[in-house]
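Participant: The structure under discussion is supplied below as C-alpha cells; questions concerning it will follow.
The values are calculated or read from the model by the stated rules, or taken from the named source; none is laboratory data. Small disclaimer: the values here were computed from a predicted structure and weren't measured. Please note: Cβ atoms are built from the backbone with ideal geometry, for glycine as well, and neighbour counts cover all protein chains shown. Note: areas computed on protein heavy atoms with side chains; ligands, DNA, RNA excluded. Shrake-Rupley method; radii C 1.70, N 1.55, O 1.52, S 1.80 Å.
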Amino acid sequence: MCTTPYGAYRDDAVQKQGGPALETPTDTSAPIADNAKSAAPTEPTVPQQATGRKQATAVVEVEAEELDEQAEAAAPAGAVEQAGAVEPAEAVEPDEAEESAKAEEAAGPAEAAESADVAGPAEAAERAEAEEPTEAAEAAGAAEPAEAAEQADPPGSTEPADEADPATPAETAESAEAATPAEPAKPTEPAALPASVDLADPGFWQLPAPDRAAAFAELRRRPGPVYFGDRATGRGFHALVRHADVVEASRTPAVFLSGPGVTTPVPARWVRLLFGDSMVNLDDPRHAQLRRIVSRAFTPRLLDRVEEDVRRISTELVDRIERERPDDFVTAVAAELPFQVICTMMGIPERPRRTILDLVNRTSEDIGVARPLRRRLRVPGRGLRALARMQGIVAGIGRRRRRRPEEDLISALVTADVDGRRLTGRELGAFFSLLLVAGVETTRNALAHGLHLLTVHPEQRALLLEDLDGRLGGAVDEMVRHATPIIQFNRTLAVDHELGGSGGPLLRAGEKVALFYGSANRDEEVFPDPDVFDITRTPNAHLGFGGGGPHYCLGAHLARQEMTTLFRELFTRLPEARSVGEPQLVPSSFDHRVRSLRFTF
C-alpha cells in the first residue's frame, strides 16, 4: 500500500481527484511476496486478466516513485502551489510577484503512446425465442362448434362436449393480441444523478461516509462509467467504479497509461525535472528497467532480516504501550511501526530518524479537501522543502554505502548492477521518499481502521480472538478491503478503447479515467453483502493493493506482515485493546486517512 512522495501536491481545498502504491515487479526477478519466508498469511492469487464487465479479480495498487536521473534542470525562479498544495523547493523560493503565474504551469504534454487496439471479449447476449402460443392462435379465428368441443375434451373423455359459441369479433381481437409475442421493453435512460454526486467537487468528499457509499452504489448500477468534469478547468475524467473495470484498466498498461500522471493535479514540469519522475508516473520500458533494479535488491537474506525486525519492533511497541499508556493509537503505534521497519530495512541510522519522520509529516500534512485557514496561509515551499531535505539525507547515506556497503537495502540499491544500470543518488532519494510517505501513510491508516473495525464489530472481534492465528490473515485482508486506504489513481487512454470488450462503453484516446478502489471493493457482483465487515470472507478478491499489472503494490507483502505481527502481539498481550470514540478522519479524495484514534486497554 502506498502513495506518492509529492504528498502536499495532491489534495487540497480545490483538489479534484487523486489516486495507490509501491509497485510489485512482474518480471522474472523475485518480488517481495515471492521471496519472503514470512509467517504472514499467503497472498491471494492474482487473478487472470478480466475478460468481461462482470468478471471478478483481486489485488491494490500502491505505487513506487523514482527520481529521473536525466533531470538536471533547476526549478524556475518561482512557483506557487497548484491546487493550494504545491510548494517549491527551498533552493527555488518563489518571488511573490511570480507565484500566480507559475502555479498555472501545466504538466508537460503526455508522451505519445503506440496505437494498439485492444480487443476486449465480446459479450454475447442470446434472446430466447418466444414460444408460439398455438392454442391462442387457434382461438384467434372463429372456431367451429365441433372443433371447439374436441379441444375442450381431455384425452380419453367419453362425456359429450358442450357446444362452443363462435368467438365474437371482440374476443377474436383480444385472443389475437394475447397470441402476439410482446416486444422487448426499450431500455430507459437512467435518472440524472443528484447534484451532490459530483466526484470532481471537493464538497462531495466532505459528505458523511454513508452518503458517499450510496452515491458509489448508484454509480455502479449505471450502464457505463459516468463522466465528471471540472467546471474550473474544463478537464474531467470517467469514473471506473466496478471491480472488473478497475482490474481491466490496471492490467492493460498499453491502453491505460500512467506516464501522463496518475494524481490530480498533475505535477508541474519543473517539479518533475527537479525531483525526477516517480515510478508511479512511468510506463514501460523505463518503468520495467527501474523495477528490475529494485527487485534484485530484495534478496531472501534481506527479507529474513525484515521479518525479524517486524517482530522485534512490534514487541517493543507493545512494551511501550504497557509502560507509558499512550492514548493516541496512530502516533504511538500505527505510524511508528511502518516507519521504524522501513528505516531499519533501508539502513537509516537512529540519529536522523526523528528528523526524517518530521519531514515525512510535513510532506503530507496538507492532504485533504478541508484544511484550516492557517494551513492555507502557510509559507510557500514547506512541503517540497521537506521532501528535498529528506532526499538529501538518504542520498548522503547512499554515497557512503557505495564506498563501504553494509547489509541493508540502501547498499543493495546503490551497488546492484542490472544490465549495467544502478540507482543514482537522485533515484535513491525518490525511492526512499516513496517507501516512507507511501509505506508509512497507508499502513498507518490500515492499522488504525483495523482496530476501530474490530471495536465496533464485537462479534467479529470475539471470532478473531477464538482462533487468533487461524483467522488473523483473513481479518487483515478484510480490514484492507473494508477500509481501502487509497481511494483512487488515474490513467490516460493511449487509444480508443471499448471497456469490457466489443460493444462496451467507448473511451477515447487522450481521455482520463479514475480508478476508484474503494468502490470496486464494495462491488455487489464480487462481494456478497459488501458493506458487512466479515473476517471469514472467502474468497476476498479485494483491490486494496491495486488491480494487478505492472504497478501492483510492491509493499503488499510487507504491509500484511506488519499488520499481522502487530495485531498478534497486541491481542495476545492486551486482548482488551480497543478504540475509544470515532476516529478523526481527514476528508480527502485520495486516501482514507486517520489523523488520530483514541484507544485504551
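Participant: Towards the positive end of the charge dipole of the range 234-364, with charges on Cβ (+1 Lys, Arg; -1 Asp, Glu), say which of 256, 348, 240 has the farthest Cα.
Facilitator: Checked the options; the winner is 256.
Participant: Here's a follow-up. When all protein chains stay in place, what accessible area (Å², nearest 10, 1.4 Å probe) is found for residue 535?
Facilitator: 10
Participant: Could you list the residues of the range 302-337 with an amide nitrogen less than 15 Å from a label point located 7 Å from the Cα of residue 350 in the Cα-to-C-beta direction?
Facilitator: Within reach of a label on residue 350, which here means backbone N under 15 Å from a point 7 Å along Cα→Cβ, the range 302-337 contributes 313, 316-317.
Participant: When the expected Rg is taken as 2.2 N^0.38 Å, what fraction or multiple of it is the alpha-carbon Rg of the range 229-600?
Facilitator: Rg over 2.2 N^0.38 Å, computed on Cα atoms: 1.00.
Participant: Next question, about the same structure. Please work out the Cα center distance from the range 517-563 to the range 567-601, rounded to the nearest Å.
Facilitator: Result: 19 Å between the Cα centres.
Participant: Using 0.36 nm per residue, how much length does the chain from residue 582 to residue 304 gain when fully extended, once their Cα-Cα distance is taken away?
Facilitator: Additional length available on full extension: 96.4 nm.
Participant: Which one, 425, 486, 546, is farthest towards the positive end of the dipole of the range 229-600 when Lys and Arg carry +1 and Asp and Glu -1 on their Cβ?
Facilitator: Checking the options against the dipole of the range 229-600, the answer is 425.
Participant: In nanometres, what is the gap between the two model label sites at residue 415 and residue 231, each 7 Å from Cα along Cα-to-Cβ?
Facilitator: So the two model labels end up 5.9 nm from each other.
Participant: Let me ask you something else. Can you give the FRET efficiency for residue 315 and residue 498, using 1/(1 + (r/R0)^6), R0 = 56 Å, r = Cβ-Cβ distance, to the nearest 0.05?
Facilitator: Calculated transfer efficiency: 0.55.
Participant: If the chain between residue 506 and residue 191 were fully stretched, how many nm would it gain, using 0.36 nm times the residue separation less the Cα-Cα distance?
Facilitator: Roughly 111.3 nm would be gained on extension.
Participant: I'd like to compare 415-426, 519-530, 538-549: which one has the highest average count of other Cβ atoms within 10 Å, and what's the full order after that?
Facilitator: Taking the mean over residues of other Cβ atoms within 10 Å, the ranking is 538-549, 519-530, 415-426.
Participant: Is the shape of the range 557-599 best called rounded, prolate or oblate, per the rule: a/c under 1.5 gives rounded, else a/b larger than b/c gives prolate, else oblate, with a ≥ b ≥ c the square roots of the Cα gyration tensor eigenvalues?
Facilitator: Oblate, since a/c reaches 1.5 and b/c is not below a/b.
Participant: Scaled to the compact-protein estimate 2.2 N^0.38 Å, what is the alpha-carbon radius of gyration of the range 189-251, rounded to two decimal places?
Facilitator: Cα Rg divided by the expected 2.2 N^0.38 Å: 1.15.
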